[in-house]
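See structure below.
The values are calculated or read from the model by the stated rules, or taken from the named source; none is laboratory data. Computed from a prediction, not measured in an experiment: that's the story for all the values here. Virtual Cβ from ideal backbone geometry, glycine too; neighbours counted across all protein chains shown. These accessible areas exclude ligands, DNA and RNA; they are computed on the full protein's heavy atoms, side chains included. Shrake-Rupley method; radii C 1.70, N 1.55, O 1.52, S 1.80 Å.
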Amino acid sequence: MSAPDGFEDDLLHAMTRTGEGFGPNGPAGLAAGGLARGRRRWRRRSAAAAVGGAAALALVGTGAVYLTDGSPAASRPAPAASGTPDGGSAGSASPSAGTSATPSASPSPSASASAARAVIGADEVLAAFRALLPPGEVTEARASGTDAGTRPDNPGVPGASLVLDDGKGKAAVTISFSRLAADSPALAENDCPDKKYVSFDACTSTVLPDGGRITVLQGYEYPDRRVATKWWSAKLTGKDGRQIELSEWNAPAEKGKPVSRPTPPLTADQLRAVVTDTAWDRVVTALPEPQVPSSPPRPAAKEYTREEILAITAELLPEGLKQTETGGQPGFADFVVNDGKGKSLVQLNVQDWSKDPSGGGIFGGAETLPDGTRVVVRKQPGKLVMWTVDTLRPNGLRVVVSAFNGGSQTAAGTRSAPALTIEQLRTIALAPQWKLKK
């Protein structure tokens, strides 16, 4: 599968999951929406697709690409070897002269108006990227300059992608750049994902001196690990609005090709070094300013906070069950309980459906209570059992409660049934404590 095809597949999947979360279709309703939102908040931009529409570029081997320290990136000495987590070795991406050995405050891209608008070309982006990677054979190199996405005939985002073979097998590696507005929610959406929904081996999230953050994740292309493709990444968000995302796989492509090596080529430290390298200061400075919306966003509907949902639910749990491993976001919360027979994940969505009190097709054939509340019960079988009670009150308040026969959604269940019965889920969903917020 080509890089653009892989991206389109990912995008279609994300859009489908989004629809399941909020629309009238899908067996899990809003309960599945919490999972979809959690994945979307972490899921990276597909740099391979962003630059896939650009013409393939021959790697610049002799041309000098001058960085902020004045040294030509393409002429820097090859990085020295260093150990990898699996006992092997790879060329270190630790920066040489003019780069930061440790994460530091991101410089503000405000040298001058003319410098801020100077376009960094695709070949320069690619050469700088290659100079920071371990030595090896590079194929399928593509890039886009800092003017990518500024015109209809110039789609995509600034970045580069290539296939690197350091002698241990081919690996796809991509990087992308963007500048976020000062009030962009994405600035705060850079932390280790919730292991209940995203399977990974290691993750660290570090706050930089300037208040920015870098998160390095060593995980898998698919949460259920249905293939052996590993996905390792580093994501940097700076207080100056920079967002740099670096991804690598232990296969020649993100999807559709068999693994070619045990792990991706760069270690966690090397991933961190690449995204914090000062080579990218000029690239970030040249990125267009984020566009300010022409009109202020509409005020969001009043929602229950994660903390409010957890507090109410704690009062409604059967005696002896305690909330652990809590998580969530506005309108959604989750936690794990254990009745002595193993962990059981519980999810709750509490949302205002007063603009569509009919509930669409979800509540067709639902049980209707004397007060007009409609109730649908679903039992999803399989290795991961999911029991759901979905309720919609006449005023449009929708409360969905689900429980699983395991402590996460990334693996098969560890018990025969969820820890909460259908009746107990009904009690939580129909509790009078849930009220429509005005």
* Where PRO223 falls short, out of the listed (1) more than 24 Å from GLY169 (Cα to Cα); (2) within 15 Å of the chain's Cα centre (by Cα); (3) assigned to a loop (DSSP other than H, G, I, E, B) -> (1)
* Neighbours by Cβ (under 8 Å, 6+ apart or cross-chain): first from the stretch 280-291, closer than 16 Å to ALA127 by Cα; second assigned to a helix (DSSP H, G or I) and open to solvent by less than 30 Å² (accessible area, probe 1.4 Å) -> TRP280/ALA128; VAL283/VAL125; VAL283/ALA128
* To do: Mind listing whichever residues of the stretch 162-197 are of a type in the set (Val, Ile, Thr) and out of contact with any helix residue (DSSP H, G or I) (no Cβ under 6 Å at 6 or more places or on another chain)?
  => VAL163, VAL173
* Spot the failing condition for THR388; the list is (1) free of Cβ contacts under 8 Å to residues at least 24 places away in the same chain; (2) farther than 17 Å from LEU310 by Cα, and only one is missed. => (1)
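Taking ASP334 as the residue in question, decide whether it is surrounded by fewer than 16 Cβ atoms within 10 Å (Cβ to Cβ) and touching a residue at least 24 places away in the same chain (Cβ under 8 Å).
Values: surrounded by fewer than 16 Cβ atoms within 10 Å (Cβ to Cβ): no; touching a residue at least 24 places away in the same chain (Cβ under 8 Å): yes.
No, not satisfied.
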* Might you check whether a residue that is in contact with a Gly (Cβ under 9 Å, 6 or more places away or on another chain) and either at pLDDT 80 or above or not in a loop (DSSP other than H, G, I, E, B) (or both) occurs anywhere in the stretch 91-108? => yes
* Going by the conditions given, is LYS235 open to solvent by 10 Å² or more (accessible area, probe 1.4 Å) and within 23 Å of VAL284 (Cα to Cα)? -> yes
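Filtering the stretch 133-190 down to residues that are in a loop (DSSP other than H, G, I, E, B) and among the aliphatic types (A, V, I, L, M), which residue is nearest to GLN243 (Cα to Cα)? Please lay out each step first, then the result.
In the first step, residues of the stretch 133-190 are kept if they are in a loop (DSSP other than H, G, I, E, B); the result is 133-136, 145-150, 152-153, 155-158, 166-169, 180-184, 189-190.
Now narrow it down to the ones that are among the aliphatic types (A, V, I, L, M): 133, 148, 157, 180-182.
Details: LEU133: 19, ALA148: 15, VAL157: 12, LEU180: 7, ALA181: 11, ALA182: 12 Å.
By that ranking, first place goes to LEU180.
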* Asked: From the list VAL400, VAL376, which one is among the β-branched types (Val, Ile, Thr) and open to solvent by 10 Å² or more (accessible area, probe 1.4 Å)?
  -> VAL376
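Among the residues of the stretch 379-397, how many are open to solvent by 40 Å² or more (accessible area, probe 1.4 Å) and over 16 Å from ALA429 (Cα atoms)?
Of the stretch 379-397, the ones open to solvent by 40 Å² or more (accessible area, probe 1.4 Å) are 379-383, 387, 394-395.
Then drop every residue that is not over 16 Å from ALA429 (Cα atoms), which leaves 380-383.
Residues in the stretch 379-397 being open to solvent by 40 Å² or more (accessible area, probe 1.4 Å) and over 16 Å from ALA429 (Cα atoms): 4 in total.
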* Out of (1) more than 30 Å from PHE335 (Cβ to Cβ); (2) modelled with pLDDT under 95, the odd one out for LEU236 is which? -> (2)
* Asked: Looking at ASN349, is it open to solvent by 60 Å² or more (accessible area, probe 1.4 Å) and within 18 Å of GLN433 (Cα to Cα)?
  -> no
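Does the stretch 248-261 contain any residue that is closer than 30 Å to PRO209 by Cβ, among the basic types (Lys, Arg) and either in contact with a strand residue (DSSP E or B) (Cβ under 9 Å, 6 or more places away or on another chain) or not in a loop (DSSP other than H, G, I, E, B) (or both)? Quick ask: steps written out before the conclusion?
Initially, the stretch 248-261 is screened for residues closer than 30 Å to PRO209 by Cβ, giving 248.
Add one more test, that the residue is among the basic types (Lys, Arg), and what stays is none.
No, there is no match, as no residue in the stretch 248-261 is closer than 30 Å to PRO209 by Cβ, among the basic types (Lys, Arg) and either in contact with a strand residue (DSSP E or B) (Cβ under 9 Å, 6 or more places away or on another chain) or not in a loop (DSSP other than H, G, I, E, B) (or both).
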* **Single unsatisfied condition, SER358 versus (1) open to solvent by 40 Å² or more (accessible area, probe 1.4 Å); (2) on the phi > 0 side of the Ramachandran plot; (3) over 30 Å from the mean Cα position of the chain (by Cα)** => (2)
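Given the criterion out of contact with any strand residue (DSSP E or B) (no Cβ under 7 Å at 6 or more places or on another chain), surrounded by 22 or more Cβ atoms within 10 Å (Cβ to Cβ), modelled with pLDDT of 95 or more and more than 14 Å from PRO288 (Cα to Cα), identify the matching residue among LEU132, LEU162. Even if it seems obvious, please write down each step before you answer.
Details: LEU162 fails: out of contact with any strand residue (DSSP E or B) (no Cβ under 7 Å at 6 or more places or on another chain).
Within the list LEU132, LEU162, the selection yields LEU132.
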* To do: Name, by its number, the condition in (1) within 16 Å of THR427 (Cβ to Cβ); (2) open to solvent by less than 60 Å² (accessible area, probe 1.4 Å) that does not hold for ASP371.
  => (2)
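For every residue, the table says whether it meets (1) out of contact with any helix residue (DSSP H, G or I) (no Cβ under 8 Å at 6 or more places or on another chain); (2) open to solvent by 30 Å² or more (accessible area, probe 1.4 Å).
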{"position": "ASP224", "(1), (2)": "yes, yes"}
{"position": "THR229", "(1), (2)": "yes, no"}
{"position": "ARG242", "(1), (2)": "no, no"}
{"position": "ASN250", "(1), (2)": "yes, no"}
{"position": "ASP277", "(1), (2)": "yes, no"}
{"position": "TRP280", "(1), (2)": "no, no"}
{"position": "VAL283", "(1), (2)": "no, no"}
{"position": "ALA286", "(1), (2)": "no, no"}
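Name the residue, out of ALA172, ALA118, ALA148, that is at pLDDT 95 or above, among the aliphatic types (A, V, I, L, M) and open to solvent by less than 50 Å² (accessible area, probe 1.4 Å). Walk me through it before giving the result.
Details: ALA118 fails: at pLDDT 95 or above; ALA148 fails: at pLDDT 95 or above.
Result: ALA172 is the single residue among ALA172, ALA118, ALA148 that is at pLDDT 95 or above, among the aliphatic types (A, V, I, L, M) and open to solvent by less than 50 Å² (accessible area, probe 1.4 Å).
Please tell me if SER199 is out of contact with any strand residue (DSSP E or B) (no Cβ under 6 Å at 6 or more places or on another chain) and either at pLDDT 75 or above or among the polar types (S, T, N, Q) (or both).
Details: out of contact with any strand residue (DSSP E or B) (no Cβ under 6 Å at 6 or more places or on another chain): no; either at pLDDT 75 or above or among the polar types (S, T, N, Q) (or both): yes.
Criteria not met by SER199.
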